[in-house]
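Report on the structure given below.
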Amino acid sequence: MKKKDIAALEDALSRYPDGSQEKAERAWLEDLQAQDAGVQQRMEDLDTVHQALQAQGIARPSPHFTQRVMAALAPLPQTSVPPARRVWRSVALLTGVLAVTGIIMTWLSSDMFTGVTVQQVAVPYADQWNWSVAVKGKWLLYPIIAINMVLGWALLDRAILKPLFQHRRLHQA
Amino acid sequence: MMITDPDHALLDSILGGDQQVYAVLVDKYQVYAYTIALKVLQNTAEAEEAAQDAFVKAYRHLASFNRQSKFSTWLYRIVFNTALAYRRKNRPAYYAVDARLAVPAAAESALEKMDKHKYVMLAMERLNEADRTALTLFYLQEFSLEEIAAIIDLPANTIKVRIHRARLRLAEELRTLLQQEALTL
C-alpha cells in the first residue's frame, strides 16, 4: 500500500465507528476489508472498542455524597456594610466628584484663569535660568477634569450600576 | 454572551443566601462529576474526594461564575482540573489501579465479547487523562463536542481528532493484549 493510501486508510478508519464517512470512502473501505485480512481485523477491533465504550456507562458515587458536600460548605462571605448603605455612600462620593468637576468647569467658563501663567509663580533662583516655561493655568485644569470624569464613571459603574443590575436580576429570578 | 440556563435562577438563590439550594445542584450533577473524576483518577475513593472537593470549590467561586456557559460545563471543568491536581499530587499511588475499575461489572462475563470489553477498559488505562475523559464523555452521548472541549479546555476540533486517534490506539492496544493473552495460553 502506498504512503498516501495508508494515510487515507487511517483517516477512514478513524471515522469508521461513528459511521460519519462519505459513501465513496465507505465503499473503498469495504473493498479493502474484503481484500486485506489486516484491514478486516482492524475494523473488527474498532467495532469491539466502539461497543465497549458504548457499554461503559456512568459511575455512581456513594449515597451520602450530597450530605458530605453540604457539610463541607461554609457560608458564603457576606459584605460587612449593608447593600443600601454601600450604595448611598457611593452616591455621596459620586456627587462629590461631580461637584468638583462642575466647580472647575465653572471657573474655566468664567475666564477666571485668563492671563494666569505658571511663569508668574515665584520660583527660587528662577532668574538665574536662561529658559522659562509659560503654561496657561487653565491647561493644568483640563487633566484634573479628565481624571474626575474617569473617576466619576468608574464610581458610577462599580458602585451604583453593577449592584443595581445584580439586585434587579436577583428579584426578577 | 449570557446564555439561558435554568440553573442560573438557582445560583441567584444561593448567592442571595439560601445555601440549601446548592444541594439541588449537587444531586443533579454528582453522577457526571464523579464519572469525570473517576476517568482521570481511576480510583473510586480518590475520585469521590476530588468530586466533592470540586463541588466545594465551585460553591466558593459561584459569585465569579460569569454565566457565559452552562453551570454544568463550568462545574465539570472544575471537576476535571481538580482531579488532574489530585493525580499530580498523588501520582505514585495511582500505579495500583483500582480492581473495580480494571474489571468493570459489565465486563466480568465469561463471554468472549465481554472479555474483549474488559481488555478495552484495560487499554483505556494507558491513555492520558484528557483522551480518556474525552472518550468517556463522547460516548455518554450527553455532551456535545463543544461542551467536552470547554470541560477539557481544548478546541473542539482537537477533541474530535483526539477521540478518533484514541479509538485507533485502543484498537491497537486491544490487539496487542489479545495476542499476549493467546501466547500465555
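Derivation of every value follows stated rules applied to the coordinates shown; laboratory data play no part. All figures in this text were calculated on a predicted structure; none of them were measured in a lab. Please note: Cβ atoms are built from the backbone with ideal geometry, for glycine as well, and neighbour counts cover all protein chains shown.
Order of B:Thr136, A:Thr101, B:Thr184 from fewest to most other C-beta atoms within 10 Å?
With the sparsest Cβ surroundings first, the list reads B:Thr184, A:Thr101, B:Thr136.
Taking neighbour Cβ counts within 10 Å as the exposure measure, how do B:Tyr119, A:Tyr142 sort from fewest upward?
A:Tyr142, B:Tyr119
Taking the Cα-to-Cβ direction at A:Trp107 and at B:Glu142 and moving 7 Å from each Cα, how far apart do the two end points lie in nm?
With each label placed 7 Å out from Cα toward Cβ, I get 6.6 nm.
Could you pull out the pairs from B:Lys89/B:Lys118; B:Lys39/B:Lys116; B:Lys28/B:Lys118; B:Lys116/B:Lys160 whose alpha carbons sit more than 22 Å apart here?
B:Lys89/B:Lys118; B:Lys28/B:Lys118; B:Lys116/B:Lys160
Efficiency by 1/(1 + (r/R0)^6): what FRET value for B:Leu183 and B:Asp18, r their Cβ-Cβ distance, R0 = 51 Å, to the nearest 0.05?
About 0.25, to the nearest 0.05.
Tabulate in residue order the Karplus-calculated ³J(HN,Hα) for the stretch B:172-180, using 6.51 cos²θ - 1.76 cosθ + 1.60 with θ = phi - 60°, rounded to whole Hz; enter x for Gly and Pro.
5, 4, 4, 4, 4, 5, 5, 5, 4
Please rank B:Tyr76, B:Tyr59, fewest neighbouring Cβ atoms within 10 Å first, as an exposure proxy.
Final ranking by Cβ density, sparse to dense: B:Tyr59, B:Tyr76.
Average partner chain C-beta neighbours within 10 Å, per residue of B:16-29?
3
No solvent, one uniform scatterer per C-alpha: report log10 I(q)/I(0) for the stretch B:1-102 via the Debye equation at q = 0.15, 0.19, 0.20, 0.24 1/Å, two decimals.
So the normalised log intensities are -0.62, -0.88, -0.94, -1.22.
Tell me, what is the FRET efficiency for A:Leu141 and B:Asn66 to the nearest 0.05, using R0 = 30 angstrom and their Cβ-Cβ distance as r?
For R0 = 30 Å, the calculated efficiency reads 0.15.
If you take the Cα atoms of chain B, find Rg, then find the Kirkwood Rh from the mean of 1/r over all pairs, what is Rg/Rh?
Rounded to two decimals, Rg over Rh is 1.03.
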